[in-house]
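A short worksheet on the structure shown next.
The values are calculated or read from the model by the stated rules, or taken from the named source; none is laboratory data. No experiment lies behind these values; they were computed from the predicted model shown. Note: ideal-geometry Cβ built from the backbone for every residue, glycine included; neighbour counts use all protein chains shown.
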Amino acid sequence: MIENTQEQNKLAGKGAELELKLKTYFVDLASERVGGETLSCSDDFFAEMENLLKSGRGIFIDDKYTQRGKWMDGWESRRSYGRHNGREFDWCVIRLGISGVIHGFDIDTNYFRGNAPQTVSVEACVSLEQPDENTVWHTVLAESEVSAHSQNIFKISNSQSWTHVRLNMFPDGGIARFRVYGEADVNWNNFVDGELIDLASIKNGAKALLVSDMFFSDKNNLIMPGRGKDMGDGWETKRRRDPGPDWSIVKLAAQGSVEKVIVDTCHFKGNFPDTFKLEGINTSSGDFNAANADLDWHSIIPQTKLYAHREHLFINEIVADKLQQFTHVKLSIYPDGGISRMRVLGKRT
């Protein structure tokens with residue numbers, strides 16, 4: 001068992017502050033958007049386990065029922081005293097979409113008012129196969145109290161990388177959403193030497209660090225897998241009343257070259273940027289803020305025209321030398337608008 005050095009209980013009065021910090025500096029390793037998957041559970045009689053990893057917070061529809069009872073947007077088990085298997089708690093096994101180091105949990109009981117669990121715990125394992133009865137689980141969050149209809153935020157402190165987690169709730173009840181905040185631990189042996197890698201992919205360990213504005217949608221959408229499913233699944237800023245630009249700084253998954261860039265304005269038809277510019281920097285410092293965002297950035301792609309609802313491919317437009325190395329890129333859009341995805345393909349140093 002791993003020593004529990006995490007704060008055992010939710011930080012009273014600091015939950016919102018801690019949540020903001022986790023969302024700002026880390027990614028949700030279990031999100032279904034990055035490939036997270038619920039594999040099995042002890043019981044999901046009232047509401048399916050798959051709901052745990054959906055985006056957003058759980059919703060409530062007052063008059064919606066199923067043949068099994070009230071429809072709930074989360075994972076909900078039946079009452080324990082009605083069970084025949086004699087279990088003392090319910091559990092759900094989740095395969096992380098991104099294997100990595102865990103820094104915190106958000107165990108959200110939104111709208112579970114009279115049917116939330118009393119306590120929860122989380123275990124983790126490293127497994128190349130689907131966990132089974134022989135899997136060795138390690139406690140990363142000891143049994144802790146949770147509040148009904150609340151975001152229950154927990155800070156975790158251990159440095160090991162994990163592939164799966166098991167969420168336990170005592171004795172039974174419902175949980176709307178489960179977030180596993182952490183940092184990707186990429187196995188670079190899965191890539192062939194000399195292969196072009198998307199260094200800006202969240203699944204490869206890239207992180208959106210800082211943006212000038214994300215009024216309409218989150219900065220991390222820019223580096224998510226796949227193409228955007230709608231206009232809300234991208235990075236979009238509010239309308240500027242000056243020449244701009246708006247900008248986003250992304251920490252690349254690894255130091256490397258930039259040899260191919262894709263800028264996708266999918267679904268942005270009346271609100272795409274007129275032009276964009278891509279710059280890069282090689283630095284060991286990750287401390288970026290609005291005051292120091294204007295560092296000694298080197299041009300990768302000069303200011304270039306964009307078009308609506310289109311995937312733009314840039315190779316010959318790249319002015320940076322293939323031997324030049326970057327750790328961060330800065331995407332500037334003029335004057336404002338929305339971009340669905342950005343891909344920065346290069347060779348890892």
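Yes or no, residue by residue, for (1) without any contact (Cβ under 8 Å) to a residue 12 or more places away in the chain; (2) in a strand (DSSP E or B); (3) not assigned by TED's automatic domain parsing to the domain that holds Leu96:
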| site | (1), (2), (3) |
| --- | --- |
| Asp132 | yes, no, no |
| Asn152 | no, yes, no |
| Ser157 | no, no, no |
| Arg179 | no, yes, no |
| Lys203 | no, no, yes |
| Ala208 | no, yes, yes |
| Pro225 | no, no, yes |
Residue within the range 313-330 that is modelled with pLDDT of 95 or more, assigned by TED's automatic domain parsing to the domain that holds Gly226, closer than 21 Å to Glu195 by Cβ and in contact with a helix residue (DSSP H, G or I) (Cβ under 7 Å, 6 or more places away or on another chain) present: no
Check on Ala142, over 23 Å from Lys23 (Cβ atoms), assigned by TED's automatic domain parsing to the domain that holds Gly58, in contact with a strand residue (DSSP E or B) (Cβ under 9 Å, 6 or more places away or on another chain) and outside any loop (DSSP other than H, G, I, E, B): yes
One residue from Asp73, Asp63 being assigned to a loop (DSSP other than H, G, I, E, B), among the acidic types (Asp, Glu) and in contact (Cβ under 8 Å) with a residue 24 or more places away in the chain: Asp73
Candidate set from the range 159-177 (those that are part of a loop (DSSP other than H, G, I, E, B) and within 24 Å of Val101 (Cβ to Cβ)); member that is modelled with the lowest pLDDT: Ser159
Criterion (crowded, with 17+ Cβ neighbours inside 10 Å and either among the hydroxyl-bearing types (Ser, Thr, Tyr) or within 18 Å of Val93 (Cβ to Cβ) (or both)) met by exactly one of Ala148, Ala124: Ala124
Some residue of the range 93-112 being of a type in the set (A, V, I, L, M, F, W, C), surrounded by 19 or more Cβ atoms within 10 Å (Cβ to Cβ), at pLDDT below 95 and in a loop (DSSP other than H, G, I, E, B): no
Members of the range 282-312 found to be among the hydrophobic types (A, V, I, L, M, F, W, C), surrounded by 15 or more Cβ atoms within 10 Å (Cβ to Cβ) and at pLDDT 95 or above, listed by number: Ile300, Ile301, Leu306
